[in-house]
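Enquirer: Structure below; questions to follow.
The values are calculated or read from the model by the stated rules, or taken from the named source; none is laboratory data. The structure displayed is predicted, hence computed values, not measured ones. With ideal geometry, Cβ positions are generated from the backbone for all residues, glycine too; neighbour counts draw on all protein chains shown.
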Amino acid sequence: MRTARRIRRLVRFATFGLIVAAVATELAKPAPERTWQGRVIGVVPYDFRPPTWSRIRDAYWNPQSEKLFSDRVFGVGWAVNLYRAKTLMEGAFGRMMGNKEPVSIRMTVRTEGPSRKPDVVITRE
C-alpha cells in the first residue's frame, strides 16, 4: 500500500514538473515565437493548442501510422493509437489461438414468427 502511494506521488510530481517545464519553455520565448507545442528536454511532447477533431483522430485512431504511441492532442505526454493497439492485439490473439484469419459473426433476424429467436451465422471471409 505504501509503495503504491509513493509511486502515485512520484508520478504526480513528475507530471506537474513536466507541465511547469513546458509552460516555462514557451514563456521564455518572445511572444511572436510561441507555438505552445514542442518537447520538454527534447523527449516528452507537449501541446497546449486547442484540440481539433482532425488532431484527435490522428492521435487516437490513425491507420496510416505504425506507431503505438503518438503525441498527445492536449497536454504533456503521449496518446495511444488505438488502431495500432487493436491490430497488435488481433495479431497476438491469432498467434495464441493458432487462427490466422478472422472469423466474422453475423446476426440475422427472420420474421417467421413472434417467438422465433435470431439465427447466428458464422462465416469465413
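Enquirer: List the pairs whose first member sits in segment 82-107 and is farther than 14 Å from K67 by Cα, whose second member is of a type in the set (F, W, Y) and modelled with pLDDT of 80 or more, and whose Cβ atoms are under 8 Å apart, counting only residues at least 6 apart or on separate chains?
Expert: Correct list of pairs: empty, since none qualify.
Enquirer: A further question follows. Which of the residues that make up segment 35-63 are over 23 Å from K86 (Cβ atoms) and not β-branched (V, I, T)?
Expert: W36, Q37, G38, R39, G42, Y46, D47, F48, R49, P50
Residues checked against (1) of a type in the set (A, V, I, L, M, F, W, C); (2) at pLDDT 90 or above; (3) within 20 Å of G38 (Cα to Cα); (4) within 13 Å of the chain's Cα centre (by Cα):
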| residue | (1), (2), (3), (4) |
| --- | --- |
| W53 | yes, yes, yes, no |
| N81 | no, yes, yes, yes |
| I105 | yes, no, no, no |
| R116 | no, no, no, no |
| D119 | no, no, no, no |
| I122 | yes, no, no, no |
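Enquirer: Just name the residue that is surrounded by the most Cβ atoms within 10 Å (Cβ to Cβ) out of those in segment 1-50 that are acidic (D, E) and farther than 20 Å from A79 by Cα.
Expert: E26
Enquirer: Any idea which of (1) surrounded by 10 or more Cβ atoms within 10 Å (Cβ to Cβ); (2) out of contact with any helix residue (DSSP H, G or I) (no Cβ under 7 Å at 6 or more places or on another chain); (3) under 18 Å from Y83 (Cβ atoms) is the one L68 doesn't satisfy?
Expert: (2)
Enquirer: Let me ask something else about it. Can you report the number of residues in segment 1-50 which are farther than 17 Å from S70 by Cα, β-branched (V, I, T) and touching a residue at least 24 places away in the same chain (Cβ under 8 Å)?
Expert: Adding up the residues that qualify gives 3.
Enquirer: If you scan segment 55-79, which residues turn out to be assigned to a strand (DSSP E or B) and under 10 Å from the mean Cα position of the chain (by Cα)?
Expert: Within segment 55-79, F69, S70, D71, W78, A79 qualify.
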